[in-house]
Amino acid sequence: MPKAPACVAYGVGRPIVLVHGFPFHSGMWSGQIAPLRALGKVILVDLLGFGANALGGATPMKLTMDEQADAVAAALDHLKVREPATFVGFSMGGYVGWSFLRRHRQRVDSLVMCNTRALADTPEAARARLDMADIVEGRSHAFVIDTLLPKLVAPRTLDSRPDVCAQITDLIEEAPLAAIAAAQRGMAERPDSTQLAGELGMPTLAIVGEHDVISKRDELEALTARMRDATLAVIPDAGHMTVFENVEATNRALCDFIGELR
Ligand code: MLT
């Protein structure tokens, strides 16, 4: 399997691990580093295939959530982080988080699930991912952006906030097409984590954008209702990309939750 992920740490204190979404890299957290480092050691991880962890010609056909979870554990080993962390996973990073909990439970003491899901894909959704994976390498990033952007942001963001859209499309353009394909194949086969979530009993914050069509508000309401010690923050004026579309409200929710833990 490929090398351990690239990672970087800012500040000191109890670890806060930030795991990015698809098809981004750890640069998506640039708006969160300053507020969070006041609360602990902020650790950014690039998942296998993305950012500083791009694998070039060695990119496998598929990158599973379990492989990514083990790569996050290897990053923590690399940084000599032994104490339990707050795991913050954004969307695909949240899927990695469920795998991380299955495989490295003792390394997590609290959870932030940003714009993510516990449910597995429906057969139709999994099929759509596999179809995209099969064609994406013959296409350009414009194809990926045209396919994803309208689902990633709220309609108002798409229509009237070109600055926010540009931040997101710049990140997408940095994702290797082979990694996009591999991650889609990995996400398509992730298991349902609803039962795991219900059994956890650790302080959890779920975050959802008011207009998120990928991780929907009612789905996260149902999930947090069945979890012990979980709350949901609904971020106004945002779709899936809360960390860009309403950075202030997202950071407030993150800091309020993490600040209370310490
Ligand atoms: C993400 O933001 O990581 C993706 O929307 C996850 C997904 O495709 O389910």
Counting only protein heavy atoms, what percent of the accessible surface of the chain is carbon or sulfur at a 1.4 Å probe? 53
Mean residue ellipticity (222 nm) of the chain, computed from DSSP H runs ≥ 4 via -39,500 (n - 2.57), nearest 500: -14000 deg cm²/dmol
Using a 1.4 angstrom probe and counting only protein chains, how large is the accessible area of Leu39 in Å², to 10? 50
Using DSSP, restrict attention to beta bridges with both residues in the chain and report what percent are antiparallel, rounded to the nearest 5. 15
Using the Kirkwood formula over every pair of different C-alpha atoms, what hydrodynamic radius in Å results for the chain? 18.1
Provide the per-residue ³J(HN,Hα) series for the range 193-204, in order, calculated from phi with Karplus coefficients 6.51, -1.76, 1.60 and θ = phi - 60°, each as a whole number of Hz, with x at glycine and proline positions. 10, 4, 5, 4, 4, x, 8, 5, x, 10, x, 9
The aspartates and glutamates whose Cα lies under 16 Å from the Cα of Lys80, excluding any fewer than 8 residues away in the same chain, are Asp70
Ordering 242-254, 113-125 by per-residue average of other C-beta atoms within 10 angstrom, highest first, gives 242-254, 113-125
Can you find, among Pro191, Ala142, Leu158, the residue farthest towards the positive end of the dipole of the range 103-262? Put +1 on the C-beta of Lys and Arg, -1 on that of Asp and Glu. Pro191
Treat every Asp and Glu Cβ in the chain as -1 and every Lys and Arg Cβ as +1, leave all other atoms uncharged, and give the resulting dipole magnitude about the Cα centre to the nearest 20 debye. 760
May I ask you to rank Thr169, Thr86 by accessible area, largest first, using a 1.4 Å probe over the protein chains only? Thr169, Thr86
Quick check on packing: order 129-141, 224-236 by the mean number of other C-beta atoms within 10 Å, highest mean leading. 224-236, 129-141
Cα centroid of the range 1-64 to Cα centroid of the range 177-247, whole Å: 18
Ranked output for segments 72-83, 186-197, 206-217 by mean other Cβ atoms within 10 Å, highest leading, reads 206-217, 186-197, 72-83
Given a Förster distance of 51 angstrom, what is the FRET efficiency for Arg161 paired with Arg127, based on the Cβ-Cβ distance and rounded to 0.05? 0.95
Any idea of the accessible area per residue across the chain, 1.4 Å probe, to the nearest Å²? 40
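The values are calculated or read from the model by the stated rules, or taken from the named source; none is laboratory data. Computed from a predicted structure; not experimentally measured. A quick note on method: Cβ atoms are made from the backbone with ideal geometry, for glycine too, and the neighbour counts reach across all protein chains shown. The protein model used for the area step is the full one, side chains on, heavy atoms only, and it has no ligands, DNA or RNA in it. Shrake-Rupley method; radii C 1.70, N 1.55, O 1.52, S 1.80 Å.
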